[in-house]
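Asks: Submitted below is the structure of interest, expressed as structure tokens.
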Amino acid sequence: MNKSELFEFLQMRTTEVWDSSKQPYYLARVQPELRDSGKNYREATGEQTLATFAEAVPGIRVVRHPHKKAKIGLVPASSPFEFSEMEGQASTEVAVPALQSRSRIYRPGAQRVIADFMQLLSTLDDNDLKDFHIPALVLAKLLRSK
């Protein structure tokens, strides 16, 4: 892979990811995607890091997370995207508002706790499940636990 091919690849993938999600194209995804087509970006970058190389690509801009050193992405040069100071939340993202009755913000990963639990229950025999009841309080605690 030569430099112009890598320039084109980074421009194309940055635009595709941005257009579909308004999120950066993370540098961590570059090599796995190139590997699928038998290519390696190091042939074009040499001793230079991918992030340093990407800074010279026309039409895209490198964005770095303020706290997570390895979280580096590419966005179109004209986009306003910047990682915010809030951990893990980008300035273009909307925070999920907490319900007034809750002191925590809902975490999407908590859904998996319930889904995994229900999957385990589905493996039990009908006789075992016949008199099995789950109080809503228990489900609510599971959602808060993760």
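The values are calculated or read from the model by the stated rules, or taken from the named source; none is laboratory data. Remember, it's a predicted structure, so these values are computed and weren't measured experimentally. Protein only, heavy atoms only, side chains kept; ligands, DNA and RNA dropped before computing areas. Shrake-Rupley method; radii C 1.70, N 1.55, O 1.52, S 1.80 Å.
Asks: How much of Phe83 can a 1.4 Å solvent probe reach, expressed as accessible area in Å² and rounded to 10?
Replies: Spelled out: Phe83, probe radius 1.4 Å, area about 30 Å².
Asks: If you count only protein heavy atoms and use a 1.4 Å probe, how large is the accessible surface of Asp116, to the nearest 10 Å²?
Replies: Its accessible surface works out to 100 Å², give or take rounding.
Asks: Another question, then. I'd like the accessible area for Met118, computed on protein heavy atoms only with a 1.4 Å probe and all protein chains in place. Round to 10 Å², please.
Replies: Approximately 90 Å² for this residue.
Asks: Might you tell me the accessible area per residue for segment 3-87, computed with a 1.4 Å probe and given in Å²? If you can, show how the numbers build up before the last one.
Replies: On the way: 4960 Å² over 85 residues.
Value returned for segment 3-87: 58 Å² of accessible area per residue.
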